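In what follows, a structure is listed as structure tokens, so that the remarks can point back to it.
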Amino acid sequence: MTSPTLISVDRTALGAEVPRRLFGSFVEHMGRCVYDGIHSPEHAAADANGFRADVLELVRELGATVVRYPGGNFVSGYRWEDGVGPRDQRPVRLEAAWHSTETNQVGLHEFAEWADAAGLEVMEAVNLGTRGVAEAADLLEYANHPSGTALSDRRRENGREEPFGIRLWCLGNEMDGPWQIGHKTADEYGRLAAETARMMRFLDPSIELVAAGSSNHEMPTFGAWERSVLRHTAGLVDHISVHAYYEEDPSDPASFLASGAALDRYIGEVADIIDEVGATTPDGGTIGISVDEWNVWNQTRWNEVDKPRVFTGDWPIAPRLIEDDYTVTDAVVVGSLLITLIRRSDRVSMANLAQLVNVIAPIRTEPGGGAAWRQSTFHPFALTAPAATGRVVHPRVEGDTIDTARHGTVDAVDAVATVDGDAVSVFLAHRALDAATSVELDLGRVADVEAVVVTIPEGGDRHTTNSADGEPVAPATLAVEAGSDGILRFTLPALAWVRLTARLID
């Protein structure tokens, strides 16, 4: 047992409102995310449109609010027209981004209907890789104009009388990356994004637009890219994207567990650039940060082992791509990244866990008559999304610290809280690998205290995963003692993530 951790929450020190879009997800036409994931006509649980009802129920349970679609790298070569109209007349095409064959059996109509059933707001991405202003404008008109034009009437002929009413639009994807179809310099992309944004706003002033920021913090053009893009798009876009993935170096698990500190710095640097450009650019306005791809992902294995294998040979339909098996350790990291996103609600306007099903996802499936199940990372997200409402409170934490090779010294217990009326929620990640810690939590007078923990299951270890055969990594009740002095006392196991909820008493 380490020394006690003292946490105090000043429930009157209310910060930013937690945006509901903070709990978004991502569906890309990649691997088995769409086909053999959410859509599997041959499965016993498939509905009339081929979507799996068991997967839909898990998506609802996850509690995501927004879904980014249809990519990702995929969108930079995508022709949206391929995915509308009679299914038996849709073209089958080679999909270069992921070396696959795209059948186009799922397109805008099918996906929007599925997203509506799942309770998800669609965040649509337009192709600024092989296409540009005209094609983006056409898609917007098709999707959002009521009727009376060739494109809106085509939508109605295709079975959708009312507009889709899509409000969130991404202006391309990761255009700074040399791997991206149609890769561009910052000036090339910034100019194209500005002209596309201007045209789209002419057609529908009510939309919100997301400019593509750097693909990751380690890109050699990071910073310069954001400055250039924001100068081009000032007054035209509402958000700029951040993409952030983290993986464990087996020789340095402490740094992996401190990934939330890296994300916090990344967000802070982008926020500083937004402020810098806004101070010198007319009509800069307020730009939100859209962390529209984030997760744990073993990118080393993908780049060195799987990618060379995938990008050779045949062009399969829905191949297995980056179907990472997530561990207890991964779940704690995902929980701590959520803590960071909540803490930075003052600057982060939305975020999307990438992706939703099968592809580095909280939900996995097997084809044919196979099962669907929750990965370990499902639980911190599903427990946080409904509880992190209202305003952010930054707790004071006094306790042990951990020295990391990559991120310096961090608190062993990471914490954030939210207050919504008389409801308070506290989220904790215990990043120590080897020892439990006793916690004394001061919330003031509270009642109806409940706490759940995601940690190493009995008989398991930190590498334990869930599978079609069972889900040993699952939330469990955490015993909490409410003292007569108003202090809540409990023990955090080594490597654990906790959600504690209570009702405030004046």
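The values are calculated or read from the model by the stated rules, or taken from the named source; none is laboratory data. Note that this is a predicted model, so its numbers are computed, not measured. Heads up, the Cβs are rebuilt from the backbone with ideal geometry, glycines too, and the neighbour counts pull from every protein chain shown. In case anyone asks, the SASA skips ligands and DNA or RNA and just uses the protein heavy atoms, side chains included. Shrake-Rupley method; radii C 1.70, N 1.55, O 1.52, S 1.80 Å.
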Please report the antiparallel percentage of DSSP beta bridges with both residues in the chain, rounded to the nearest 5. 60 percent
Can you tell me the accessible area per residue over the chain, all protein chains present, probe 1.4 angstrom, in square angstrom? 38 Å²
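Can you give me the convex hull volume of the Cα atoms of region 19-80, divided per residue and expressed in Å³? Mind dumping the intermediate values first?
Values: hull volume 6.3 nm³, N = 62.
Value for region 19-80: 102 Å³ per residue.
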Please list Ile181, Ile267 in order of solvent-accessible area, largest first, computed with a 1.4 Å probe with all protein chains present. Ile181, Ile267
Could you state the orientation-averaged shadow area of the convex hull built on the Cα atoms of region 430-475, in nm² to one decimal? 4.9 nm²
How big is the chain by Rg and Dmax over its Cα atoms, in Å? 22.8, 71
Helix 328-343 axis, angle to the chain major axis (alpha carbon atoms, nearest 10°): 80 degrees
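Looking at the calculated P(r) for region 96-188, what percent of the C-alpha pair distances fall above 19 Å?
51 percent
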Descending semi-axes in Å of region 44-143, equivalent ellipsoid built from Cα gyration tensor: 24, 16, 13
When every protein chain stays in place and a 1.4 Å probe is rolled, His39, His232 sorted by accessible area with the largest first are His232, His39
Mind checking region 434-506 for trypsin sites (Lys or Arg not before Pro) that DSSP puts in a loop (not H, G, I, E or B) and that have at most 15 other Cβ atoms within 10 Å? Arg445
Which of Ala447, Pro395, His407 sits closest to the plus end of the dipole of region 375-464, meaning its Cα is farthest towards the positive end, when Lys and Arg get +1 and Asp and Glu get -1 on the C-beta? His407
What per residue convex hull volume, in Å³, do the alpha-carbon atoms of region 133-291 yield? 139 Å³
Once both axes come from the Cα atoms, what is the angle between helix 224-233 and the longest principal axis of the chain, in degrees from 0 to 90, rounded to 10? 60 degrees
Karplus-derived 3J(HN,Hα) from phi for region 149-157 (6.51 cos²θ - 1.76 cosθ + 1.60, θ = phi - 60°), whole Hz, x at Gly and Pro, runs 10, 4, 6, 5, 6, 5, 4, 5, 5
Select from region 170-257 those chymotrypsin sites (Phe, Trp or Tyr not before Pro) which occupy a DSSP coil region and have at most 15 other Cβ atoms within 10 Å, ordered by residue number. Trp179
³J(HN,Hα), Karplus 6.51/-1.76/1.60, whole Hz, each residue of region 206-221, x for Gly, Pro: 7, 6, 10, 10, 10, 7, 7, x, 5, 5, 6, 5, 8, 4, x, 9
Can you compute the helix-only [θ] at 222 nm over the chain? Use -39500 (n - 2.57) per DSSP H run of at least 4 residues, normalise by all residues, nearest 500 deg cm²/dmol. -7500 deg cm²/dmol
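Starting from region 213-295, pick out the GluC sites (Glu not before Pro) whose DSSP state is loop and whose Cβ has at most 10 other Cβ atoms within 10 Å.
Taking region 213-295 and a limit of 10 other Cβ atoms within 10 Å, the loop GluC sites (Glu not before Pro) found are Glu218.
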Where the convex hull is taken over the Cα atoms of region 260-372, what is its projected area averaged over directions, in nm²? 10.2 nm²
Taking the dipole about the Cα centre of region 31-177, with the C-beta of Lys and Arg at +1 and of Asp and Glu at -1, give me whichever of Pro146, Ser76, Val66 is farthest to the positive side. Ser76
Could you give the dipole magnitude of the chain about its Cα centre, charging the beta-carbon of Lys and Arg +1 and that of Asp and Glu -1, in debye to the nearest 20? 640 debye
Residues whose built amide H sits under 5 Å from the amide H of Arg68, excluding neighbours closer than 5 in sequence, are Ser25, Phe26, Val27, Met123
Long-range share for region 354-459, i.e. C-alpha pairs more than 18 Å apart as a percent of all pairs, stands at 64 percent
Calculate one ³J(HN,Hα) per residue across region 24-34 by plugging θ = phi - 60° into the Karplus curve 6.51 cos²θ - 1.76 cosθ + 1.60, and present them in order as whole Hz with x for glycine and proline. x, 9, 8, 10, 10, 6, 8, x, 10, 6, 8
Where does each of Phe311, Phe51 land when they are ordered by accessible area, with a 1.4 Å probe and the largest first? Phe311, Phe51
Based on Cβ point charges of +1 for Lys and Arg and -1 for Asp and Glu, what charge dipole magnitude is obtained for region 249-370 about its Cα centre, in debye rounded to the nearest 20? 240 debye
Which value, to two decimals, describes the C-alpha radius of gyration of region 230-318 once divided by 2.2 N^0.38 Å? 1.51
Towards the positive end of the charge dipole of the chain, with charges on Cβ (+1 Lys, Arg; -1 Asp, Glu), say which of Phe164, Gly368, Tyr246 has the farthest Cα. Phe164
Taking Cα atoms only, helix 133-144 is inclined relative to the longest principal axis of the chain by an angle, in degrees rounded to 10, of 70 degrees
Determine the dipole magnitude for region 1-103: charges of +1 sit on the beta-carbon of Lys and Arg, -1 on that of Asp and Glu, nothing else is charged, the reference point is the Cα centre, and the result goes in debye to the nearest 20. 280 debye
